[in-house]
Amino acid sequence: MQIIKMEKEKIYEEIANYYEKRINENPRIVLGLATGSSPIPLYQKLIEKYQNKDINFSQVKTFNLDEYVGLAKNNEQSYYSFMNDNLFSHVNIDLNNTYIPSANPEHISNYIELLKQNQIDIQLLGIGSNGHIAFNEPGTSKDSTVHKIKLDQGTIQDNSRFFDDINDVPTEAITMGLEDIMNAKEIILIAIGKGKQNIIKELNQCEAYNQNIPATILSEHPNVKIYVDLEAGELI
Ligand code: GLP
């Protein structure tokens, strides 16, 4: 697990250039995608690269990490809408090649099956202030796969910034499990801003998986880069 501290702008430039290289080397690449504010500048850079004809998404396949339970697909806060608004509708990706989990029990088993058939080449992650990755909250077991969870009160509080009222934030979500994330060939996590200082400090000190901080599982993966900006990395 390599922690790389650099200026925010440089982080996105470096990761976007890396995605460009990897997609050009393998146009059928399988990407694990994330939501939240951290990936947005990366998606903007990928859209620019598409517009400049540096990237072609026509054969790229994507799997999203998570989705709220109880929001209509077209609700502006659903992760389905997030992906369309921030990436998919701006590039030439085939929407049939984009997958986002949903809480329908049949859909959960399909998603598990699809992830078995399509190993993710690069999994993008953000991190919650409590150390969650995707929506794997503290206490999640190592061998978890796609499952429904109850959001922690802290996560509801953190994510309420996107909603008009905290009572509008869903209390449940569907998420890839820790095992699904660890199955990716390579993982890139982005942590930006002061709010991530403490969790990045803990992650930097960890030597093995600690159930109370789900992201510590990444210390057991052979190919992980954690990009932190100067604020998120201030305590390391
Ligand atoms: C949500 C998502 C996570 C994401 C986290 C951090 O809880 N489910 O996948 O990593 O937010 O969000 P941000 O990037 O806005 O800090």
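The values are calculated or read from the model by the stated rules, or taken from the named source; none is laboratory data. Keep in mind that what you see is a predicted model, and the values were worked out from it rather than measured. For neighbour counting, all protein chains shown are included, and Cβ atoms are generated from backbone atoms with ideal geometry for every residue, glycine included. When the accessible area is computed, the model is the full protein with side chains, heavy atoms only, and any ligands, DNA or RNA have been set aside. Shrake-Rupley method; radii C 1.70, N 1.55, O 1.52, S 1.80 Å.
Given the convex hull over the Cα atoms of the range 140-236, what projected area results after averaging over all orientations, in nm²? Projected over every direction and averaged, the Cα hull of the range 140-236 covers 6.6 nm².
Gyration tensor analysis over the Cα atoms of the range 135-190 returns equivalent ellipsoid semi-axes of 24, 13, 9 Å (largest first, whole Å). Between the range 31-109 and the range 152-205, the C-alpha centres lie 17 angstrom from each other.
For K5, the accessible area of its heavy atoms, probed at 1.4 Å with every protein chain present, is near 90 square angstrom.
Straight Cα distances below 17 angstrom link K49 to the lysines K10, K21, with same-chain residues fewer than 8 positions distant left out.
May I ask you to list the trypsin sites (Lys or Arg not before Pro) in the range 47-98 that are in a DSSP loop and have at most 11 other Cβ atoms within 10 Å of their Cβ?
Details: sites: K49, K53, K61, K73; in loops: K53, K73.
Loop-located and lightly packed - K53.
A straight chain from N26 to C206 at 0.36 nm per residue would run longer than the Cα-Cα distance by 61.4 nm. Solvent-free Debye calculation, one equal scatterer per alpha-carbon of the chain: log10 I(q)/I(0) at 0.08, 0.16 Å⁻¹ equals -0.27, -1.20.
Please report, in debye to the nearest 20, how large the charge dipole of the chain is about its Cα centre when each Lys and Arg carries +1 at its beta carbon and each Asp and Glu carries -1 there.
Once rounded to the nearest 20, the dipole reads 460 debye.
So what is the 222 nm mean residue ellipticity for the chain from helices alone, if each DSSP H run of at least 4 adds -39500 (n - 2.57) and you divide by all residues, rounding to the nearest 500 deg cm²/dmol? Show your work: numbers first, answer last.
Working: 7 runs with 72 residues, N = 236.
Helix contribution divided over all residues of the chain: -9000 deg cm²/dmol.
Where a ≥ b ≥ c are the square roots of the eigenvalues of the C-alpha gyration tensor, would you call the range 1-102 rounded, which needs a/c under 1.5, or, failing that, prolate if a/b is larger than b/c, or oblate?
Working: a/c = 1.77, a/b = 1.28, b/c = 1.38.
Oblate is the answer for the range 1-102, as a/c is 1.5 or above yet b/c matches or exceeds a/b.
When only DSSP loop residues count, what GluC sites (Glu not before Pro) in the range 1-36 have their Cβ near at most 15 other Cβ atoms within 10 Å?
Listed in order of number, the matching sites are E7.
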